[in-house]
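No value in this document is a laboratory result; all are computed from the given coordinates. In this text, all values refer to a predicted model and were calculated from it rather than measured experimentally. All Cβ positions, glycine included, derive from the backbone under ideal geometry; neighbour counts span all protein chains shown.
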Amino acid sequence: MEFELRGHRALVTGSGRGIGSAIALELARGGADVVVHYSNHRDSAEKIATEIQNMGRESCVVQADLCKLAETEALLGKAGNVDILVLNASVQIKKPWEEITLEDCEKQVNCNYLSSLLLIQQAVPYMRQQGWGRIITIGSVQEKKPHPQMLIYSSTKCAQTGLMYSLAGQLARDGITVNNVAPGVIATDRNTEALKDEAYARQVTDSIPMGFYGEKEDCAGIVRLLCSREGRYITGESIYVDGGKHV
C-alpha cells in the first residue's frame, strides 16, 4: 500500500506548527500539493511550505484568524480549490467553568466549530464537481474525557464531530468521505509549558494506558490513510490517536 495522493490539493488549517504541520508534511510526502494556513506565526508557516516545495510539491501560505467569521469566509478565496480539507485549527481557553465569558465562548465556537462548517460549505461544491473529496476534522480525546477547565473547548469538539457524523451520510454518494481524528496528549508547543510541571506531567502520563505522550507525527499517518485510495471505504468514523486515554 502506498497511500498515494498525487493529483490532489489539500488545505490544512493551523498547519504552520504542531499537529497541523505534521499532517501537511505527511500529505506532501504522499504527493499532494498543500496550502499551509496560519493565524499568527507566518515564519513557521513559510518554513513548512518551503519543506513541502523541497519535496517537489506545490505549496503556499494563507493567513486567516478563524475566530473571526469574515476571515474564515475569505480563506478559501485565498487558498483556491482543494479536494482535501483538514480542519485542524482550534483555540483552547483554560479556566474554571464559572469564569467563562461570552468572549471566551465566541472565540472557541467560531474557530473550533463554525469555521469547520463554513469551510466545508465552500469546499464541497468543487469536490462534488470532481466526484471526489476528503474532509477530516481534527477532534480531541476531550470528546470522551473532558478537561474540567476546558468546558467550551471540549463541547465544541463534540459539536464538530457531530457535524462530521451528519455530513458523512449526506456526502457519501458524492464520492466525499468525512471522518474525525481525535488526538490525545500530544507533545506540541501548546502544552509544553504545562508539562514542565513534573507532578502534573506524571498525573497525565498515569492517565494514558500506554504510559507516554504522543508525537505530532503519530496523528499524520492516519490522516494520510483516510485521504488516500486505500481509505476510500472509510467514512463517518471517529478515530482516537491517544494511547488509549479515551478508554
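Quick look at the values:
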| read-out | value |
| --- | --- |
| Under the span-like rule (Cα at least 15 Å along the axis, Kyte-Doolittle mean at least -0.5), DSSP H helices of the chain | 18-29, 69-79, 115-130, 151-171 |
| E103 paired with D189, simple spin-label distance in nm, labels 7 Å along Cα-to-beta-carbon | 2.4 nm |
| Hits among lysines - C-alpha to C-alpha of K144 under 29 Å, sequence gap 8 or more where chains match | K68, K94, K95, K107, K157, K196, K216, K245 |
| Residue order, fewest to most beta carbons within 10 Å, for S39, S90 | S39, S90 |
| Three principal axis lengths of the chain [C-alpha, angstrom, descending] | 49, 38, 37 |
| Karplus-derived HN-Hα couplings along segment 82-98 (A = 6.51, B = -1.76, C = 1.60, θ = phi - 60°), whole Hz, x at Gly and Pro | 9, 10, 10, 10, 10, 9, 9, 4, 7, 10, 10, 10, 9, 6, x, 4, 5 |
